[in-house]
Amino acid sequence: DTGVSQDPRHKITKRGQNVTFRCDPISEHNRLYWYRQTLGQGPEFLTYFQNEAQLEKSRLLSDRFSAERPKGSFSTLEIQRTEQGDSAMYLCASSFLGRTGANVLTFGAGSRLTVL
Amino acid sequence: RKEVEQDPGPFNVPEGATVAFNCTYSNSASQSFFWYRQDCRKEPKLLMSVYSSGNEDGRFTAQLNRASQYISLLIRDSKLSDSATYLCVVNDRAGGSYIPTFGRGTSLIVHP
C-alpha cells in the first residue's frame, strides 16, 4: 500500500494523559501536514513539514502539542496533558510540491482521539 | 471571519438534479483552489482542482471568480453516490507559506 498511513486509528484516553500519533506519508512526497477535524467542521490546519523542517504552526496549536518529522520520513504528533477539548479526528496528509506549485493533499484515514 | 466560507447545507436533491455550491475566500492573495469530497467517517479526497478558466470533469464543473473571490462547483445529473460533504480548499498565505485551508464543507444528500 503506497498511501498515507496513520496509527493508531482510535485512541481513548483519560484527561491529563499524553498521547502520540504516527503518520507515514507517501514516500515520494516532500510535505507532510497535520490537521484536526471535529464533527460538522472542515479540517483545521495544525502544522506542516517540508522534508524534516517544520515550517508553519497554527496559532491554535497550544504548547501541549508538538510534532516532529525526524529524517524527513514519518511524523509524530504528541499531545501532552490531554483535555476533553482535544477530542477530535487528527488527520495527516502529504503532498509533493513541485515546480507547478500545485499542492494536492493525500490524506490518511485519521486517528480518532477521545478524551474522557 | 473565517478565511474560507461555505454554506453547510444540507442540500437535499432528487436523483438527476443539478446542484451548485459556492465558496468564498477572504484573502485576495490566495493561490490554488480545489474541491475535495469527504464521505461519512472517511478522509477527504481530491475531487478536482479549480482553474482560472474553469474546468469540467464529467458531470462536475468548477469555476473560479477572482474578482469576487469565490469558487463554485456544479454537479449535473446527480447520482445517489454523490451524497457526501464537499470541501472547498484554498491555498492561503500564512506567514511565509501557502497553507491548504478548508471550508467547513457543504453536505449533499441525493435521494431516489
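The numbers here are math on the coordinates, done by the rules we state, and not lab data. Quantities reported herein were computed from a predicted structural model and do not represent experimental measurements. Cβ sites come from the backbone with ideal geometry, for glycine too, and all protein chains shown count toward neighbours.
Treating each Cα of region A:49-116 as an identical point scatterer and summing with the Debye formula, the log10 of I(q)/I(0) at q = 0.16, 0.18, 0.28, 0.29 Å⁻¹ comes to -0.67, -0.83, -1.42, -1.44. For chain A, a Gaussian network of Cα nodes joined below 10 Å ranks A:69, A:15, A:36 by mean-square fluctuation, and the top entry is A:15.
Computing FRET efficiency as 1/(1 + (r/R0)^6) for residue B:28 and residue A:66, where r is the C-beta to C-beta distance and R0 is 35 Å, gives about 0.55.
Just checking the listed ones, B:16, B:96, B:58: in the Gaussian network model of chain B with Cα springs under 10 Å, the one fluctuating most is B:96.
Lacking any other cysteine beta-carbon closer than 4.7 Å, the following Cys residues of chain B have no compatible partner: B:40. Taking 26 Å as the limit for the C-alpha separation, the pairs A:11/B:45; A:14/B:2; A:11/B:79; B:2/B:45 exceed it in the case of A:14/B:2; A:11/B:79. Relative to one another, the C-alpha centroids of region B:19-71 and region A:32-84 are positioned 25 Å apart.
Counting Cβ atoms of other protein chains within 10 Å of each Cβ in B:29-36 and taking the mean gives 2. Please give the direction-averaged projected area of the C-alpha convex hull for the protein assembly as shown, in square nanometres with one decimal. In nm², the orientation-averaged hull projection of the protein assembly as shown is 13.0. Between residue A:14 and residue A:39, the contour length at 0.36 nm per residue exceeds the Cα-Cα span by 7.0 nm.
Cross-link partners of residue A:71 among lysines, defined as those whose alpha carbon lies under 25 angstrom from its own and excluding same-chain residues fewer than eight positions apart: A:57. Placing dummy labels 7 Å off each Cα toward the beta-carbon, the span from residue A:81 to residue A:96 is 4.3 nm.
Taken over chain B, the ratio of Cα radius of gyration to 2.2 N^0.38 Å equals 1.04.
For residue A:74, no residue whose modelled amide H falls within less than 5 Å of its own remains once neighbours fewer than 5 places apart on the same chain are excluded.
Taking label points 7 Å from Cα along the Cα-to-Cβ direction, residue A:27 and residue B:39 give a separation of 2.8 nm. Spin-label pair residue B:49-residue A:54: with each label point 7 Å from Cα along the Cα-Cβ axis, the two points sit 3.0 nm from one another.
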